[in-house]
Each structure stands twice: as C-alpha cells, then as structure tokens.
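As structure tokens, the structure follows; a few thoughts come after it.
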Amino acid sequence: RGWQETWQEMGEVLSSARSEKGNVLIPAFTVGRTQELLYEFKRHYDDWGIGDWEVFLDSPMGIRATNVYARHAKVYDARATELLQASGNVFGLPNLHMSERSEDSMKINRIQSGAIVIAGSGMCTGGRIKHHLKHNIWRQNAHLMIVGFQARGTLGRALVDGAKRIRLWRESILVRAKVHTIGGLSAHADQQGLMDWYQGFENRPRVALVHGEPEAMEVLAYRLQSECRADVLQAE
C-alpha cells in the first residue's frame with residue numbers, strides 16, 4: 001500500500017466527518033505515531049481542510065514526546081527540514097490545543113462537533129481515549145480513525161471487528177460511530193521484512209517470538225527454522 005493512498009484515505013475520512021459535523025477520535029501511541037499524525041496534518045493543512053477543525057493532543061506523555069521531537073530538528077529528513085524552514089515548526093498548527101491537565105481533557109467532552117482528538121492509548125485499552133469514546137462512540141456523526149495495529153483482545157480490536165456495543169466502566173454503550181482503519185500507517189514490519197532483517201546478521205542469534213498473533217507467529221517461526229536454520233523459542 002503506497003503512502004499516497006494512505007493520505008488520500010485519511011483526507012476522505014476527514015472530509016466525510018466534516019460534512020457530517022461530528023468529532024473525529026484518533027487513538028494513537030504517544031511516541032512516533034502521534035508526531036507522525038501532527039506532521040501530516042501540518043503538511044496537508046489546506047488540502048485536508050484542517051483549519052476547519054479544533055485539533056486536540058490529549059496526552060501528557062504525547063505532548064512531552066512531541067516537544068522532544070521538535071527540539072531535535074538536526075535529525076529530520078530533507079522533506080521535514082524543508083517544512084521546518086518554511087513554517088518554523090513541523091508540528092505547530094494554529095488550531096492545535098495541547099491538553100495536558102485532566103481539566104483540559106474533560107472540557108473536550110463538551111464539544112459535540114468539529115473536534116479532532118488525538119489521545120492515548122493506541123489500542124483503546126486505557127488512557128484518555130476511553131473517556132472520549134464514552135462521550136462520542138454512540139453518536140452517528142462521530143468517526144473513529146484507527147491508525148495502528150490492534151491486538152486481539154483489546155477494545156480497539158473489538159471496534160475494528162465491528163462490535164455493536166462496548167463496555168466502559170461497567171456501562172454498556174451502543175456503537176454508532178463510523179470506524180475507519182487506516183492500514184498504511186502500521187509501524188510493524190511484515191513477515192518478509194522481519195525475514196530480511198534477520199538474514200542480515202552474519203552470526204544469526206537465537207530468536208524469541210513473544211509478540212503477535214499466534215497464527216502469524218507460527219508461520220514466522222516455521223520460515224525462520226526452515227529457511228534460516230534459526231533456533232526459535234516461541235512464547236506459549
């Protein structure tokens with residue numbers, strides 16, 4: 001999947017949400033994914049109509065991580081450096097609100113239309129995104145944008161799989177919001193990418209597989225053993 005298709009899909013989701021006058025919720029990992037989103041909002045500010053929204057970064061850790069990224073411009077690539085020279089900040093949006101205090105976060109929940117909320121956690125298992133789900137997931141004009149891998153058993157995965165109701169703090173809540181999965185943003189290497197990486201070692205070390213879907217881990221373990229003669233330890 002090409003980056004152009006990914007950005008086009010994200011732009012279309014924002015356009016649809018804007019026409020329906022709802023809010024957009026984006027559960028995002030605080031380091032890496034959050035900064036990538038802000039960077040792309042900056043790059044596509046005009047063509048995605050970002051100026052029509054109020055954008056909230058509702059994550060104390062995400063705010064701190066973004067400030068770290070901003071301080072180390074010397075490691076930016078050529079495109080980010082060009083954007084920095086043109087605008088002074090690759091993450092700075094005129095309508096961006098950094099919601100560090102819990103009081104700031106609670107105020108967002110009073111907004112019924114026109115908010116883009118980036119909040120942790122990335123799989124909706126904790127953090128402030130759960131509060132925003134409680135206040136928005138039952139709205140027909142709300143949109144949930146999934147921008148990362150959702151592990152089996154997580155609330156995020158249940159929403160991606162089409163859950164009709166979710167439970168938050170012992171309360172059953174109807175899901176009426178539209179759920180969009182922007183698959184091109186996954187940060188995980190695919191199976192072939194992991195194989196290529198491992199084959200780059202001269203003295204190939206033992207491999208411990210501890211993270212991932214069981215079926216995918218089984219296939220990867222088989223390939224590592226059969227194609228690379230790897231000593232593979234697989235978690236139960």
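The values are calculated or read from the model by the stated rules, or taken from the named source; none is laboratory data. These numbers were taken from a predicted model, which means no experiment stands behind them. All Cβ positions, even for glycine, are placed from backbone atoms using ideal geometry, and neighbour counts span all protein chains on display. Heavy atoms of the whole protein, side chains included, go into the accessibility calculation; ligands, DNA and RNA do not. Shrake-Rupley method; radii C 1.70, N 1.55, O 1.52, S 1.80 Å.
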Portion, in percent, of the accessible area of the range 42-128 that falls on carbon or sulfur, probe 1.4 Å: 52
Karplus-derived HN-Hα couplings along the range 33-44 (A = 6.51, B = -1.76, C = 1.60, θ = phi - 60°), whole Hz, x at Gly and Pro: 5, 4, 5, 5, 4, 4, 4, 6, 4, 5, 5, 9
Protection-proxy order for peptides 147-158, 25-36, 73-84, each taking the mean of Cβ atoms within 10 Å per residue, highest first: 25-36, 147-158, 73-84
Pairwise label distance in nanometres, residue 196 with residue 215, each label 7 Å out on the Cα-Cβ vector: 2.5
Heavy atoms of residue 164: accessible area, 1.4 Å probe, square angstrom to 10: 150
Per-pair calculated FRET efficiency, R0 = 41 Å: residue 229 and residue 52 via Cβ, rounded to 0.05: 0.15
Added length on full extension, which subtracts the Cα-Cα distance from 0.36 nm per residue, residue 164 to residue 31: 44.8 nm
Accessible area in square angstrom per residue, the range 1-148, 1.4 angstrom probe: 47
Whole-number percent relative contact order across the chain, with pairs defined as alpha carbons under 8 Å at least 6 apart: 22
Cα-based Lys proximity count in the chain, under 17 Å, for pairs eight or more positions apart or on separate chains: 8
